[in-house]
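Undergrad: First, the structure itself, so that you have it in front of you.
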Amino acid sequence: MVNQVLKVFKNKSFTRFARKSGINDAALCKAAMNAEHGLIDADLGGGVIKQRVARDGGGKSGGFRTIILFRAGTRAFFVHGFAKNKLDNISDNDLVLLKRLAAEMLNYNDAELTQAINENLIIEVTCDEETIS
């Protein structure tokens, strides 16, 4: 088991996107671990980053873009995903909303995090050596 401080989560809408797009939890773990090691595709500010995730059986360049609410060493919340050929970038208005959401979610205390999990608003992703190698 990886000695992981970073906890990885996905919200309900991202979970549906990932399932329809064939993105598995291992790909999410790898993207989160890359960010944890400073390999961030785009830092959008305010705890919001954009990371590429490879299509199943393909490379990152033709894959998907994910929006992650991210704080190094603590938490990563996958909240939005899109294919590059469907959307080049998120709008300025969406970015403002994402930064507000990041300010809230990245500051969840343990009780708030547990409540969000229990209410199925977020799902914890299990990352171990097997899933990220």
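Throughout, read-outs are computed from the coordinates displayed, never taken from laboratory work. None of these values were measured; they are calculated from a predicted model. Glycine gets a Cβ as well: all are built from the backbone with ideal geometry, and neighbour counts include every protein chain shown.
Undergrad: Taking K and R as +1 and D and E as -1, what net charge do the other residues with C-beta under 14 Å from the C-beta of V8 add up to? Before the final figure, lay out the partial values.
TA: Working: positive: K7, K10, K30, R71, R75; negative: D25, E36, E124, D128.
For residues surrounding V8, the net value is +1.
Undergrad: Sticking with this structure for a sec: Scattering from the C-alpha atoms of the stretch 7-132 alone, worked out with Debye: what is log10 I(q)/I(0) at q = 0.13, 0.18 1/Å?
TA: For the stretch 7-132, the Cα-only Debye profile gives -0.47, -0.95.
Undergrad: What is the calculated FRET efficiency for T126 to N89, with r their C-beta to C-beta distance and R₀ = 30 Å, to the nearest 0.05? Each step should come with its number before you reach the end.
TA: Details: r = 31 Å, r/R0 = 1.02.
My answer for the efficiency is 0.45.
Undergrad: Mind sorting V125, V5 by how few other Cβ atoms lie within 10 Å of their own Cβ, fewest first?
TA: On the way: V125 20, V5 10.
Fewest to most other Cβ atoms nearby, the residues stand as V5, V125.
Undergrad: What FRET efficiency comes out for the pair A54/N107, r = Cβ-Cβ distance, R0 = 30 Å, nearest 0.05?
TA: Step by step, r from the Cβ atoms, then E = 0.45.
Undergrad: What is the order of R71, R19, R65, R52, fewest Cβ neighbours within 10 Å to most?
TA: On the way: R71 14, R19 10, R65 21, R52 17.
Final ranking by Cβ density, sparse to dense: R19, R71, R52, R65.
Undergrad: Starting from the Cα of L97, step 7 Å along the direction of its Cβ; do the same at K20; then give the gap between the two resulting points in nm.
TA: 1.6
Undergrad: With each label point set 7 Å from Cα along the Cα-Cβ vector, what nm distance links A72 and K12?
TA: 3.4
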